Structures are given as structure tokens and as C-alpha cells.
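Enquirer: Sharing a structure here in C-alpha cells format.
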Amino acid sequence: MASFFDRIKTGLSKTAQQIRERLSDVAEARGPAPAAAPGTQKSGRAVALDTLDAIEDALIAADVGLPATQKIVDAVRNERDGAAGERVRQVMRGILQDVKVSPAIAATPHVILVVGVNGTGKTTTVGKLANLYRNEGRSVMVCAADTFRAAAVEQLAVWAGRAGVDIVRAQHGADPAAVTFDAVSAAKARGREILLVDTAGRLHTRANLMAELDKIRRVVGREVPGAPHEVLLVLDATVGQNGLVQAREFMSASGANGIVLTKLDGTAKGGVAVAIAHDLRIPIRYIGVGEALDDLVPFDAAAYVDALFIDKW
């Protein structure tokens with residue numbers, strides 16, 4: 001099996017290639033920076049305007065977003081050519097790491113609601129999360145609370161079978177809150193550590209669906225202290241900055257306190273993770289780097305940035 005870093009690197013290869021192409025012409029045209037003078041810490045000339053423009057262009061194209069890009073470019077402006085690349089990495093790592101810490105698993109069951117709009121890969125993400133937690137040695141149950149989409153329950157059942165975890169399900173059209181209540185009761189009775197709840201895809205503007213989600217939150221809150229302990233918002237990385245808009249709206253409407261960024265392997269907009277961390281101050285918990293069962297990996301800021309700038313620059 002590929003290493004953790006190799007999987008992230010492969011997943012971000014399209015974004016990294018785009019950044020590399022936009023920076024390579026400037027780097028080749030300017031050539032290597034002069035060597036440092038004896039006793040000095042910084043070497044070479046100041047970063048030229050064409051280099052700064054190229055950095056800005058590369059980051060914007062990767063959907064890092066204007067506010068975060070400006071912060072990075074301002075930091076690089078006072079560096080020397082030879083230190084520019086590392087300064088970009090340093091500032092990006094800082095942005096991604098400077099967010100609030102996600103809750104630790106304490107109560108049993110630890111209830112995680114998985115929310116988002118249709119088509120982001122929520123049900124697939126629930127299955128992959130179940131597999132990831134089970135591989136960590138935790139006992140897991142999943143709840144098929146998306147009773148509106150006819151295929152959702154069957155799809156989750158397949159993923160639960162692949163991950164080797166229990167599933168609580170009901171008929172199409174059943175009350176999602178009632179299904180969730182049954183799942184919480186079953187998880188408590190069987191001593192499961194983690195309960196993952198797959199909710200229906202919804203837009204924040206659909207008042208009836210948001211009210212339903214609030215009902216699910218109230219149900220689990222009555223049954224388990226502090227639940228839901230996490231509300232993970234699944235975002236499709238291929239939509240870029242539109243995902244940032246979705247995240248902002250779902251944070252207020254659903255109480256989302258963590259992000260799962262999917263489909264990174266299919267986009268050159270992987271820089272949106274930086275925009276999310278910078279603008280919304282919400283942690284990215286996991287990233288999807290492929291279609292296989294184990295292609296959902298915990299987010300690591302350093303590995304993410306290194307994968308974007310895999311070549312020396």
C-alpha cells in the first residue's frame with residue numbers, strides 16, 4: 001500500500017501540476033539566485049514583481065482564494081528569491097494549522113452527523129469513515145438517515161458491508177429522526193464507540209430540510225450527552241470557491257464544525273482547503289484522494305502543503 005504522503009501527493013497531483021506550470025517559466029527565466037555573502041542569513045536578490053505576480057496567479061488559479069493569497073504574497077514580498085518557496089510553504093502551513101481543534105472522542109457513542117448538499121459524496125464518505133475508524137480499532141455503527149433518496153440506504157448498506165460495520169436502516173420515506181433514534185439506542189445497547197449518521201442532501205435554503213436536521217440534532221442530544229459531538233460537512237473540492245460559500249452557509253444553519261473535502265484527485269482546485277481554513281476558521285478533518293475504500297485520509301497540513309509543492313522551488 002502506498003504511504004500516507006504518497007496518497008496525498010497523488011490526490012493533489014492535478015493542483016500541484018497547475019502550480020508548477022505557472023511558476024516554472026518565471027523560475028527558469030530568472031535563473032538561480034546569487035549565493036549568500038559571508039555572514040548573512042538571506043541570499044540573493046529581493047523577490048521580483050514578476051515572481052510575486054506568478055505566485056499570486058498560481059495560488060488564485062488553485063482556488064486558494066484572494067484573502068489567503070494576499071496574506072501569502074505579502075509575507076513573501078520581504079523575502080529573497082532563494083527563500084520565497086519555503087516562505088510560501090510556511091505561511092500556508094500556518095493558515096491550515098491555525099484553526100480550532102476538533103472534539104476528542106469521549107462519550108459513548110460518539111455521534112457524528114454527516115451533512116452537505118446532494119452530489120458531494122456524503123454516503124460514500126460515511127462508508128469510508130466507518131472503515132477508517134474500524135481500522136483504528138474502534139467499534140462503529142452507521143445510520144442510514146437519508147430516507148428520501150431511494151438508493152441511499154442500499155448504497156450505505158454496501159459500504160457498511162465493505163467496512164465490516166453494523167448498519168441501522170429503515171424503509172424509504174421513513175422519519176429520519178426516528179431512524180436516528182433507533183440507531184442511537186442500538187449503538188448504546190451494543191456498546192459501539194462511534195455512530196455515523198448519513199443525512200439527506202439538502203440546501204441551507206430548504207427550511208423544511210434544515211428543520212428536519214435540527215430535529216435529528218435534538219433527538220441525539222436527548223439520548224447522548226453533548227451529541228452530536230461532530231457535524232462534518234462534506235464538500236466537493238471540484239466546485240472550488242463555491243464550496244467556500246456552501247461551508248459558510250452550512251456552518252450557521254447546521255452547526256457544522258468540521259470539513260471533509262472530497263474528490264481532490266479530480267480537480268486542480270485543491271487550494272480551496274487553504275481558503276476554507278483562512279476564511280472560515282473551521283478544521284478540515286479528512287480529505288478524499290480516490291475512489292477506493294481506504295482513499296479517505298486524515299488531513300495533515302504539512303503533508304498537504306508539501307504535496308502541492310513537491311518539486312524544489
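Enquirer: Considering only residues that are of a type outside the set (Gly, Ala, Ser) and touching a helix residue (DSSP H, G or I) at 6+ places or on another chain (Cβ under 7 Å), which ones fall in the stretch 173-200?
Expert: Scanning the stretch 173-200 gives 176, 180, 181, 184, 194, 195, 196, 197, 198, 199.
Enquirer: For the stretch 159-171, how many residues meet the condition of being without any contact (Cβ under 8 Å) to a residue 60 or more places away in the chain and exposed (fewer than 15 other Cβ atoms within 10 Å of the Cβ)?
Expert: 3
Enquirer: Would you check if there is a residue in the stretch 249-268 being buried (at least 21 other Cβ atoms within 10 Å of the Cβ), in contact (Cβ under 8 Å) with a residue 12 or more places away in the chain, more than 21 Å from residue 124 (Cα to Cα) and within 11 Å of the chain's Cα centre (by Cα)?
Expert: no
Enquirer: So, residue 280, is that one in contact (Cβ under 8 Å) with a residue 40 or more places away in the chain and of a type outside the set (D, E, K, R) or not?
Expert: No: the conditions fail for residue 280.
Enquirer: Which condition from (1) surrounded by 18 or more Cβ atoms within 10 Å (Cβ to Cβ); (2) on the phi > 0 side of the Ramachandran plot is the one that residue 119 breaks?
Expert: (1)
Yes/no per residue for (1) of a type in the set (Ser, Thr, Tyr); (2) under 18 Å from residue 217 (Cα atoms); (3) within 16 Å of the chain's Cα centre (by Cα):
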{"residue": "99", "(1), (2), (3)": "no, no, yes"}
{"residue": "114", "(1), (2), (3)": "no, yes, yes"}
{"residue": "126", "(1), (2), (3)": "no, yes, yes"}
{"residue": "134", "(1), (2), (3)": "no, no, no"}
{"residue": "150", "(1), (2), (3)": "no, no, no"}
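Enquirer: While we're on this one: Criterion first (modelled with pLDDT of 90 or more and under 15 Å from residue 8 (Cα atoms)) does residue 299 satisfy it?
Expert: yes
Enquirer: Just to confirm my filter: which helices (runs of 4 or more DSSP H) fall fully inside the stretch 1-64 and include at least 2 residues that are under 18 Å from the mean Cα position of the chain (by Cα) and modelled with pLDDT of 85 or more? Can you show your working first?
Expert: Numbers: elements: 4-11, 13-30, 49-61.
Here the list reads 4-11, 13-30.
Enquirer: So if I check each of 200, 211, 186, which one is part of a helix (DSSP H, G or I), in contact (Cβ under 8 Å) with a residue 40 or more places away in the chain and surrounded by fewer than 24 Cβ atoms within 10 Å (Cβ to Cβ)?
Expert: Every option except 186 fails the conditions.
Enquirer: Now, a different point. I'd like the residue in the stretch 118-153 that is in contact with a helix residue (DSSP H, G or I) (Cβ under 8 Å, 6 or more places away or on another chain) and among the charged types (D, E, K, R) and, out of all such residues, is nearest to residue 193 (Cα to Cα).
Expert: The residue in question is 134.
Enquirer: Look at residue 217 and say whether it is closer than 23 Å to residue 250 by Cα, in a loop (DSSP other than H, G, I, E, B) and not aromatic (Phe, Trp, Tyr).
Expert: Considered against the rule, which asks whether it is closer than 23 Å to residue 250 by Cα, in a loop (DSSP other than H, G, I, E, B) and not aromatic (Phe, Trp, Tyr), residue 217 comes out as no.
Enquirer: Consider only pairs whose beta carbons are under 6 Å apart and that are at least six residues apart or on different chains; among these, list those whose first residue lies in the stretch 227-245 and is crowded, with 19+ Cβ neighbours inside 10 Å and whose second residue is assigned to a helix (DSSP H, G or I) and polar (S, T, N, Q).
Expert: 231/254; 234/125
Enquirer: Still on this structure, I have one more. Exactly one condition in (1) touching a strand residue (DSSP E or B) at 6+ places or on another chain (Cβ under 7 Å); (2) modelled with pLDDT of 90 or more is false for residue 73; which is it?
Expert: Against the list (1) touching a strand residue (DSSP E or B) at 6+ places or on another chain (Cβ under 7 Å); (2) modelled with pLDDT of 90 or more, residue 73 comes up short only on (1).
Enquirer: Which residues, taken from the stretch 137-190, are modelled with pLDDT of 95 or more and among the aromatic types (Phe, Trp, Tyr)?
Expert: 159, 181
The values are calculated or read from the model by the stated rules, or taken from the named source; none is laboratory data. If you're wondering where the values come from, they're calculated on a predicted model, not measured in any experiment. A quick note on method: Cβ atoms are made from the backbone with ideal geometry, for glycine too, and the neighbour counts reach across all protein chains shown.
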